[in-house]
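Some notes on the structure that comes next.
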Amino acid sequence: MRYLPLTPEDRSAMLAAIGARSIDELFIDVPKSARLAALVDLPPHQGEIEVERAFQDFARANLSPFSTPCFLGAGAYRHHIPAAVDALIQRGEFLTSYTPYQPEISQGTLQALFEFQTLVALITGMEVANASMYDGASATAEAVLMANRVTRREKSILSGGLHPHYRETVETYARYGDFVIESLPPDPEAKEDVASRIDGDTACVVVQYPGFFGHLRDLAPLAEAAHAKGALLVVVVTEVVALGLVETPGAMGADIVVAEGQSIGVPLGFGGPYLGLFATRERFVRQMPGRLAGATVDADGRPGYVLTLSTREQHIRREKATSNICTNSGLCALAFTIHLTLLGEAGFARLARLNHEAACALADRLARVKGVRVINDSFFNEFTLALPRPAIEVVDALVDAGVLAGVPVARLSPNQPLLERLLLVAASELTTEADMDVYVAALAGVLA
Amino acid sequence: MATRKFTRDHEWIDIDGDVATVGITDYAQEQLGDVVYVELPAVGKRVTRGGEAAVVESVKAASEVYAPVGGTVVAVNDGLTAEPATVNADPFGAGWFLRLKLADPSELDGLMDEAAYRAFVAETA
């Protein structure tokens, strides 16, 4: 039998059935400027050897954070991943990033997700955590939606210390939703007063910890201010390693904690895949989005794992579901679980301390470069430099010197003159004295 | 003395003047199985006849509880949040869901009395 999926006759029959004249007519809702007028001009097909060669050439154009002194952060962090993580996640029993559709048959996956939830609840200081979200930014948007459901209110306040990409993600969710986002302006000095903006219509306030500019603040007073008005405190963590050292958001009164889990077990890979963490208080669990693995016993009393509280979810509750999140970052959650388990509680704290010490040493040295000021009075492993010139220029010049010097704030928040000289600089356990030597010398040279 | 009426969606409604108490029937709780969660509306919410007023979740399913008549929610049974199993144990009493101030008492005319509801259940079962 010949398999011809799309003959011209098939096409015209299908078009006739739906009353369209042409295939192009199906795309009229897409603005013309966004449509291709003709096929993209691609080179003809080539053999495997030629293709490999071409891609090696592309790869050589990259400056890898693992082959040069790297101080990049701003939500994506370079950390060591033990070799055991990669070996274990590639076992056949685990190697799927998708939530199993017949979950109870995959006891190993469910147990791993259950352990993952336990770890997330422990490090955030919360009572329950789900089996993961796509990434920290979408988890933040889901936290806002959840706060709206819990409080039956529609206004959320986003701190100016929130990562600009996270803010944009929340605003995108809000664009066609029935809720209001009040975004405060970027707050590099951590001087904003969020508490005074909370009123009786506020569903939640969203703050990042440590903040986008690196500051660490005691959030307990903000939690109190929010709760006094019946609002929730949502705490966002983009560098989850910090939780090994700092007071947990839960201990400071957070109602929902979301985080980007990439730092533990997930490599930098051009922006993904990432891993969203989501934790909350037990009394809100029915309003929590995403999947939950639970521990139980079978008819014979043997321990087992299930997906639990599924009546909140789409496949049962249809359009009344708590959220439209019906999958999770399973493989990344597994890598996170294995890495954090290998570290253990003491190892996690030690990793955090190494990060903080490296950042302190780096900040001290950079502050001595003429014209450079560290604007933070507190930070974990990332801080903000005020430079005497636009940060993008300085960073470009340092790339030529083989240093990935950090993320200019203007890259994420363009066209804001007050931010254009600010540079986010991160250190980690991988930062060496030699890296710092190269950076400090190169920066002094560029600014001289 | 309150008058009790029933809907085809297995809600009961006790009418006392212009305020009515709404719950789900014994048949409904039996069909649902163990109730594990009840989501109640905010006091002050206006509901229309046949519109969603609450959600009840059992170990088997999540179902809407519809308003038998239109009106404004004047009270909800907060006790169900902590003890949802009350819906199974005492569906016509302590397991009530919410109280409505009626918008239009004539909407009650379309509802079944107890005998009609019994016959309806017998027919469906």
Using θ = phi - 60° and Karplus 6.51 cos²θ - 1.76 cosθ + 1.60, couplings along the range B:108-122 (whole Hz; Gly, Pro as x): 5, 4, x, 8, 8, 8, 4, 5, 5, 5, 4, 5, 4, 5, 4
Cα centroid separation - the range B:1-65 against the range A:162-194, whole Å: 39
Most fluctuating residue given options A:Ser132, A:Ser67, A:Ser106, as computed from a GNM of chain A linking Cα atoms under 10 Å: A:Ser67
Derived scalar couplings ³J(HN,Hα) [the range B:74-88; Karplus, 6.51 cos²θ - 1.76 cosθ + 1.60; whole Hz; x for Gly, Pro]: 10, 7, 10, 8, 4, x, 5, 5, 7, 10, x, 5, 4, 4, 6
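How many partner chain Cβ atoms sit within 10 Å of a residue's Cβ in peptide B:57-66, on average, as a whole number?
Numbers: counts 6, 1, 1, 2, 3, 10, 3, 2, 0, 0.
Averaged over the peptide's residues, the number is 3.
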Loop-resident sites, the range A:74-164, for GluC sites (Glu not before Pro), counting at most 11 other Cβ within 10 Å (DSSP): A:Glu93
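Which helices, counted as full DSSP H runs in chain A, have an axial Cα extent of no less than 20 Å and a Kyte-Doolittle average of -0.5 or above?
Details: long enough: A:107-124 (25 Å, 0.92); A:136-151 (22 Å, 0.56); A:330-367 (42 Å, 0.81); A:433-447 (21 Å, 1.14).
Those that clear 20 Å and a mean of -0.5 are A:107-124, A:136-151, A:330-367, A:433-447.
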Protection proxy ranking, peptides A:28-39, A:270-281, A:7-18, average beta carbon neighbours within 10 Å, highest first: A:270-281, A:7-18, A:28-39
For A:Ile325, distant residues with modelled amide H under 5 Å away: A:Gly290
Peptide-level mean, for A:316-324, of C-beta atoms on other protein chains within 10 Å: 2
Within 10 Å of each Cβ in A:283-290, the average number of Cβ atoms from other chains: 1
Cross-link partners of A:Lys320 among lysines (Cα-Cα below 19 Å; sequence separation of 8 or more within a chain): B:Lys45, B:Lys60
Helix-only [θ]222 nm of chain B, DSSP H runs n ≥ 4, -39500 (n - 2.57) each, per residue, nearest 500: -5000 deg cm²/dmol
Translational diffusion coefficient (Stokes-Einstein; Kirkwood radius from C-alpha pairs) of the range A:74-157 at 25 °C, 0.890 mPa s, in µm²/s: 157
Three-way shape label, chain B, alpha-carbon gyration tensor, a/c 1.5: oblate
Linear extension gain, A:Glu93 paired with A:Ser22, 0.36 nm per residue minus alpha-carbon span: 20.9 nm
For chain A, built as a Gaussian network whose Cα springs stay under 10 Å, the top-fluctuating residue of A:Arg286, A:Arg302, A:Arg353: A:Arg302
Calculated FRET value between A:Ala361 and A:His45, using beta carbons and R₀ = 56 Å, to 0.05: 0.60
For B:Ala54, residues with placed amide H under 5 Å, excluding near neighbours: B:Val65
Cα-based reach from A:Lys32 at 16 Å (exclusive), listing aspartates and glutamates while leaving out same-chain residues under 8 positions away: A:Asp24
Helix-derived mean residue ellipticity, 222 nm - over chain A, DSSP H n ≥ 4, -39500 (n - 2.57), to 500: -11000 deg cm²/dmol
Fluctuation leader among B:Ala67, B:Ala53, B:Ala85 - chain B, Gaussian network, Cα springs under 10 angstrom: B:Ala85
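Values quoted throughout were computed directly from the atomic coordinates according to the rules given, and no laboratory measurement underlies them. Note that the structure is predicted; figures quoted are calculated from it, not measured. Don't worry about glycine lacking a Cβ; one is built from the backbone with ideal geometry, like all the others, and counts go over all protein chains shown.
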